[in-house]
Amino acid sequence: MSNIKNENWLYTISPKRKLIDLNFQEIWRYKDLMLLFVKRDVVTLYKQTILGPLWYFIQPLFTSVIFTVIFNNLANIPTGDGVPSFLFNLAGITSWNYFKECLVGTSDTFKKNQNIFGKVYFPRVVMPLSTVVSNLLKFGIQLMVFVGFYLFYVFFRDASVIPNISLLLFPVLIIIMALLGLGLGMIISSMTTKYRDLNFLVQFGVQLLMYASGVMYTVSYFKEKLPDIAWLVEWNPMTIIIEAFRHMTLGANAGDIDSVKFLYAVVFSLIAFFIGLGIFNKTEKSFIDTI
């Protein structure tokens, strides 16, 4: 018995953990598992479909066309002087889709993977992290679509869209979107173990949030039309991110970067992530008994 007590264990698995605990060393040990989950998400999503990965291209293009026809051609919503409405909408949809996929993909982590979680141990946070990474691949594909149309409008349509030095902050935007989607997704996923109604509200809520995130209009236009409630859109972190992305790629006419609002978006995303991580770590200890 004394030999067992004195033995140096390689790994120790214990339910006693800090509330906010992101063990990078343990996550790195399970990096191969994370890559397998990423591959599963990418391969199985469009498995047995006719068009397959082409849906990565079709979805943002068709949505941009519909937004252009309805909001710009019929409703006459301006997109800024010299900014093509299709390119304006494609920029908003491209950035919005990454956040949306991260949020929706992580919002049912416990429910979707309860069989795996109940049989084998691995850091549970690997699952939502793998969702964020797999969505990053999809985002990269859609970003290439945006760049392709961007070059087309610049060289063949003489569009007055000019990227600026703030484009160097683009990696920061990706991190903010990932942290925000991951944090909110982990909060929702933890709550759905007890409140199943949230499963029905997520998709509906995400659609409403899109209309309050400046995807199809500029903040300046919204402030002009509805000044009393403009603050709801103006201080929405995703509005700030989308406006910043348009400003970086399409110029000052399409969006704006305010240093105070940008810092607010960063802080908000970090707080959402750490709150989500804390709730996620607390829930994973006992969720199998309630789900």
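Annotation note: of GLY251, GLY255, the sole residue that is modelled with pLDDT under 90, out of contact with any Gly (no Cβ under 6 Å at 6 or more places or on another chain), under 28 Å from PHE146 (Cα atoms) and crowded, with 22+ Cβ neighbours inside 10 Å is GLY255.
The rows are residues; the columns are (1) under 23 Å from ALA244 (Cβ atoms); (2) in contact with a Leu (Cβ under 7 Å, 6 or more places away or on another chain).
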position	(1), (2)
SER95	yes, no
ASP108	no, no
PHE117	no, no
VAL132	yes, yes
LEU143	yes, no
GLY148	yes, no
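Selection of first residues in the range 54-76 that are outside any loop (DSSP other than H, G, I, E, B) and of second residues that are at pLDDT below 90 and aromatic (Phe, Trp, Tyr), restricted to Cβ pairs under 9 Å at least 6 apart or on distinct chains, gives the following pairs, ordered by first then second residue: LEU54/TYR46; TRP55/TYR46; TYR56/TYR46.
Please verify whether ILE279 is at pLDDT 90 or above and in a helix (DSSP H, G or I), treating the condition exactly as stated. The answer is no for ILE279. Just wondering, is there one or more residues in the range 111-124 that are more than 17 Å from LEU36 (Cβ to Cβ), more than 15 Å from the chain's Cα centre (by Cα) and crowded, with 22+ Cβ neighbours inside 10 Å? Checking the range 111-124: not a single residue is more than 17 Å from LEU36 (Cβ to Cβ), more than 15 Å from the chain's Cα centre (by Cα) and crowded, with 22+ Cβ neighbours inside 10 Å.
Restricting attention to the range 181-195, does a residue exist that is out of contact with any helix residue (DSSP H, G or I) (no Cβ under 8 Å at 6 or more places or on another chain) and either closer than 25 Å to ALA244 by Cα or of a type outside the set (S, T, N, Q) (or both)? The answer is yes; a qualifying residue exists. Scanning the range 225-239 for any residue that is at positive phi and surrounded by fewer than 20 Cβ atoms within 10 Å (Cβ to Cβ) turns up nothing.
Taken over the range 91-138, the criterion of being among the polar types (S, T, N, Q) and assigned to a helix (DSSP H, G or I) is satisfied by THR94, SER95, ASN97, THR106, THR109, GLN114, ASN115, SER130, THR131, SER134, ASN135. When GLY278 is tested against (1) touching a helix residue (DSSP H, G or I) at 6+ places or on another chain (Cβ under 7 Å); (2) surrounded by fewer than 22 Cβ atoms within 10 Å (Cβ to Cβ); (3) under 19 Å from GLY185 (Cβ atoms), exactly one condition is not met: (1). Are there any pairs with C-beta distances below 7 angstrom linking a residue in the range 145-164 that is under 13 Å from LEU250 (Cβ atoms) to a residue that is part of a helix (DSSP H, G or I) and of a type in the set (S, T, N, Q), with the two at least 6 apart or on different chains, and if so which? What qualifies is PHE146/THR94; TYR150/THR249; PRO163/THR249.
From the list ASP41, ASP81, ASP108, the one residue that fits, being exposed (fewer than 14 other Cβ atoms within 10 Å of the Cβ) and modelled with pLDDT under 85, is ASP81.
In the range 154-189, the residue that is farthest from PHE280 (Cα to Cα) out of those that are polar (S, T, N, Q) and surrounded by fewer than 22 Cβ atoms within 10 Å (Cβ to Cβ) is SER160.
Quick grid of which residues meet (1) free of Cβ contacts under 8 Å to residues at least 60 places away in the same chain; (2) of a type outside the set (A, V, I, L, M):
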residue	(1), (2)
ILE187	no, no
ASP197	yes, yes
GLN207	yes, yes
SER220	yes, yes
ASN236	yes, yes
ILE241	no, no
ARG246	no, yes
VAL260	yes, no
THR283	no, yes
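The values are calculated or read from the model by the stated rules, or taken from the named source; none is laboratory data. Only a predicted model underlies this, so the values are computations on that prediction, with no experimental measurement involved. Quick reminder, even Gly has a Cβ in these numbers, built from the backbone with ideal geometry, and neighbours come from all protein chains shown.
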